[in-house]
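Here is the structure we will look at, set down as structure tokens.
The values are calculated or read from the model by the stated rules, or taken from the named source; none is laboratory data. A quick note: this is a predicted structure, and the numbers were derived from the prediction, not measured. A quick note on method: Cβ atoms are made from the backbone with ideal geometry, for glycine too, and the neighbour counts reach across all protein chains shown. With ligands, DNA and RNA removed, areas are computed over all heavy atoms of the protein, side chains included. Shrake-Rupley method; radii C 1.70, N 1.55, O 1.52, S 1.80 Å.
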Amino acid sequence: MTEKTEKKAKQQTLQAVRGMNDILPDEAEAWEHFEDIVRDWLRSYGYRPIRMPIVEPTPLFKRAIGEVTDIVEKEMYSFEDALNGEHLTLRPEGTASCVRAIIQHNLLHVAPLRLYYHGPMFRHERPQKGRYRQFHQIGIEALGFDGPDIDAEHILMCARLWEDLGLDDVRLELNSLGSAEERAAHRAALITYLEGHRDRLDEDGKRRLYTNPLRILDTKNPELQDIVEAAPKLMDYLGEESLKHFDGVQTLLKDAGVHYRINHRLVRGLDYYNRTVFEWVTTRLGAQGTVCAGGRYDGLVEQLGGRPAPAAGFAMGVERLLALWRESGAQVDAAVPDVYVVHQGEQAQRLAFRAAEALREHGFAVLTHCGGGSFKSQMKKADASKAQLAVVIGEDEAASGEVGLKPLRGPGGQQRVPLEGVADAVAACLFIDEEEEDGGI
Ligand code: ATP
Ligand code: MG
């Protein structure tokens, strides 16, 4: 590098990695509000939190998700640890890690589990609206339940969350992938059918024709839509047990008044699913309309080395859900302090810190002015903070161990109270304000 290009490189501003977004305060406050709603909702169904590492051994995902899938073939951030040569991957999804943790810590030995996790996932995709390289999922997994009841519970849970968030335009698509044997019978028919259209298959399709033909049904290539539309349906290959399970799910959905459409092409992009699979889709987000997806994955625990256990779960895309929430008119107000403390002089500053801590001890949100400046400029900042009240401490107040209290929004003049009484006085002022807002006593 020449001296000139080196200098230029240094001057260039550093940017986040493409497809990985900063979530700035205005937006992050909406995220927190959303997460509060989500946490209450998860608790109301008895799901408990679990937190897994963001980096896992690469073989975990290859084994869990399947070698011939979009994620493993082309979307994983995999690298070799420069210090010990381990093959590692930034997690592209949460189910594999969650099941790995359950097996490693033998969590299933006592009773069935209902768990949830949330956090960033990483996939090397082409960034566009609703599709990022770092995105966030909230996922739930239930292990040890083999009936259709838990599948239905998951779907009803989603419906309730849409209601809690005020989302209306989210539709449910449902399918059953049957068992491994049923899929094998369908697979043979599917290959014969697709062989007849071999010339029209795209590169992915040709490659997957014998390795993973079911995946071809999942293609997003518009040129292949008519071919996959007319392909043999997996549903026609399901046996009695699988059909009974699927019926059981549908009965509970109908009882709850949850509408759905059976989509024969819904096969999900991961290999571990069987029986019930579902997606929640909206038309309000353009091409990236799937906000939540999941289903049953009875073989995964055993596949990852655990004692066989049935399992089901789903994951929702937080960015897409938040976009939809905003689209549906959700408004999240920025956090506002109750009190802004202004002060001038050394003694006043010390008293200001004591007053602010005393107020926080009583549960008030307090912004203490830092950085000096005239009373006038401090008061401007107090006003801009949208606080209801200013605590004002000058040399006079400091000398007498008192603080001034000045309403910033409503009527009323400044009063002086002793430091010990500041919390009660603030409570009285804020309480009166609230009563006035509510239309008086
Ligand atoms: P898609 O078909 O959109 O690629 P997927 O089948 O790969 O989705 P899943 O692995 O089932 O997605 O993940 C569950 C949810 O996570 C998706 O329904 C979506 O809401 C969200 N999601 C998946 N990939 C991304 C991404 N790259 N950016 C933002 N959200 C995503
Ligand atoms: Mg994908």
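Scanning the stretch 10-29 for residues that are modelled with pLDDT of 95 or more and either touching a helix residue (DSSP H, G or I) at 6+ places or on another chain (Cβ under 9 Å) or within 16 Å of ligand 1 (Cβ to nearest atom) (or both) turns up Ala16, Val17, Arg18, Gly19, Met20, Asn21, Asp22, Ile23. For Gln225, the criteria (1) within 16 Å of ligand 1 (Cβ to nearest atom); (2) not in a helix (DSSP H, G or I) hold in every case but one, which is (2). No other residue among Ala334, Ala384 is assigned by TED's automatic domain parsing to the domain that holds Gly413 and either out of contact with any Gly (no Cβ under 9 Å at 6 or more places or on another chain) or open to solvent by 60 Å² or more (accessible area, probe 1.4 Å) (or both) apart from Ala384.
As a summary of the residue check, Leu214 satisfies the conditions (1) outside any loop (DSSP other than H, G, I, E, B); (2) more than 11 Å from ligand 1 (Cβ to nearest atom); (3) open to solvent by 10 Å² or more (accessible area, probe 1.4 Å); (4) modelled with pLDDT of 95 or more except for the one numbered (4).
Starting from residues that are closer than 29 Å to Ala309 by Cα and of a type in the set (S, T, N, Q), keep the ones in the stretch 106-138 and report whichever is nearest to ligand 2 (Cβ to nearest atom). Of everything passing the filter in the stretch 106-138, Gln137 is nearest to ligand 2 (Cβ to nearest atom).
Among the residues of the stretch 4-55, those identified as surrounded by 10 or more Cβ atoms within 10 Å (Cβ to Cβ), in a helix (DSSP H, G or I) and hydrophobic (A, V, I, L, M, F, W, C) are Ala28, Ala30, Trp31, Phe34, Ile37, Val38, Trp41, Leu42. In summary, Leu60 fulfils each of the numbered conditions (1) buried (at least 19 other Cβ atoms within 10 Å of the Cβ); (2) in contact with a helix residue (DSSP H, G or I) (Cβ under 9 Å, 6 or more places away or on another chain) with the single exception of condition (1). Can you name the residue in the stretch 56-104 that is part of a strand (DSSP E or B) and more than 16 Å from ligand 1 (Cβ to nearest atom) and, of all such residues, is nearest to Leu156 (Cα to Cα)? Checking each candidate, the answer is Pro57.
Pairs linking a residue in the stretch 123-151 that is in a loop (DSSP other than H, G, I, E, B) to a residue that is among the hydroxyl-bearing types (Ser, Thr, Tyr) and within 15 Å of ligand 2 (Cβ to nearest atom), with Cβ atoms under 7 Å and 6 or more positions apart or on different chains, are His124/Tyr77. Of the strands (runs of 3 or more DSSP E) contained entirely in the stretch 374-436, those carrying at least 3 residues that are within 44 Å of the chain's Cα centre (by Cα) fall at 389-393, 402-407.
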